[in-house]
Protein chains: 2
Amino acid sequence: MIIRQAELADFDAIWPLLREVFRSGTTYAVDPAISKDDARVYWMAAARATYVAEGAGGIVGTYYIKTNQPGGGAHICNCGYIVAPSARGQGLAGRMCDHSQQEARALGYTAMQFNFVLDSNDGAVRLWQRLGFAIVGTIPDAFDHPSKGMVSAYVMHKRL
Amino acid sequence: MIIRQAELADFDAIWPLLREVFRSGTTYAVDPAISKDDARVYWMAAARATYVAEGAGGIVGTYYIKTNQPGGGAHICNCGYIVAPSARGQGLAGRMCDHSQQEARALGYTAMQFNFVLDSNDGAVRLWQRLGFAIVGTIPDAFDHPSKGMVSAYVMHKRL
């Protein structure tokens, strides 16, 4: 398994990973009906950089790095990670997060922030905490989860 | 003084208010060198609605309402407010905030969130607290202030 920067041509292989997660409407604050073109803008064109995790069977993970706020806030980045169903439970999200922190440092960022980690997404919250991210905010009833109703969202932050 | 919805033609009068605040780089996480066209997108095209406060001498205040997050987060709005230097200290920011809460309710939002209120902006923090907003998050060293160095930013939230 290697993690490398994505090229535009990779998006056809990235899209099924995003589509499954976005359509579910359970973890990302993205319109569940988002089009492939809009997803490409969200994941690649609007990002500072996009990466893929590639194994023998193809692309099984992807993440982006974005500048979280322009102007005086541009030293903090934001990332989003998605792992293919076939590759879950093998530590890939953590590996991508470690990789993203190295890349973010190389790009000059001094901190990383996740703006919207749902408290219903226990696994993610625990993983980010284990990797050194702190909960710095809690937005009550931030997300209308299709099966759990209103759930809160955490803002998580780590200095790089 | 009336507060009314802005029309595209109002932007020529809105722009000087935005320009003064954005160029200062002291309160908004916006590129201080933002162009007029990009500011129009930020303040009007990307907003759900934009308003102006208009007195005898013209437009002296403006605010926008945006959906803060798409998908499952679309019930929370975000607003930004700017008052002209000539109209400061007269309660106009508070009046616009009250107005925006009514408009937001009418648009179907159930909460309002400010994502990035600098702790160096004491007046704003105190005003939003007086109007019922709670600090639900604190992002350390979130903003590189041109004279104060790194300052923290609050996430502030109010149910509507």
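Where a number appears in this text, it was derived from the coordinates with a stated rule and is not lab data. Computed from a prediction, not measured in an experiment: that's the story for all the values here. Counting neighbours? That spans all protein chains shown, and the Cβs are built from the backbone with ideal geometry, glycine included.
With the cut-off at 1.5 for a/c, could you classify the range A:45-113 from its C-alpha gyration tensor as rounded, prolate or oblate? Prolate, because a/c is 1.5 or more and a/b exceeds b/c. Other residues lying with their Cβ under 15 Å from the Cβ of A:Asp38 contribute a combined charge of +2, Lys and Arg counting +1, Asp and Glu -1. Classify the protein assembly as shown as rounded, prolate or oblate from the Cα gyration tensor: take a ≥ b ≥ c as the square roots of its eigenvalues, call it rounded if a/c is under 1.5, otherwise prolate when a/b beats b/c and oblate if not. Prolate.
So the label point sits 7 Å from Cα along the Cα-to-Cβ vector; using that for A:Gln90, what distances do you get to the other copies, in nanometres, sorted shortest first? Taking the point 7 Å beyond Cα along Cα→Cβ, the inter-copy spacings are 6.6 nm. If we hang a label 7 Å off Cα along the beta carbon direction at A:Ala13, how far is it from the matching labels on the other copies, in nm, shortest first? Counterpart label points of A:Ala13 in the remaining copies fall at 5.6 nm.
Helix-derived [θ] at 222 nm for the protein assembly as shown: sum -39500 (n - 2.57) over DSSP H runs of at least 4, divide by residue count, nearest 500? That comes out to -8000 deg cm²/dmol. Taking trypsin sites (Lys or Arg not before Pro) as exposed when DSSP calls them loop and at most 13 other C-beta atoms lie within 10 angstrom, chain A has its longest site-free stretch at A:1-87. Extending 7 Å from the Cα toward the beta-carbon at both A:Arg48 and B:Leu8 defines two label points whose distance is 3.5 nm.
For the pair A:Arg159 and B:Trp15, a Förster radius of 35 Å applied to the C-beta separation gives a FRET efficiency near 0.40, rounded to the nearest 0.05.
Taking the axis that carries chain B onto chain A, what is the nearest Cβ in chain B, and at how many Å, to the whole number? Per the B/A rotation axis, the closest residue of B reads B:Gly137, 1. Taking Lys and Arg as +1 and Asp and Glu as -1, the other residues whose beta-carbon sits under 15 Å from that of B:Glu54 total -1.
A point 7 Å from Cα along Cα→Cβ stands in for A:Ala74, and the other copies hold the same point at 3.2 nm, listed in rising order. By the compact-protein rule of thumb, 2.2 N^0.38 Å, the alpha-carbon radius of gyration of chain A corresponds to a ratio of 0.99.
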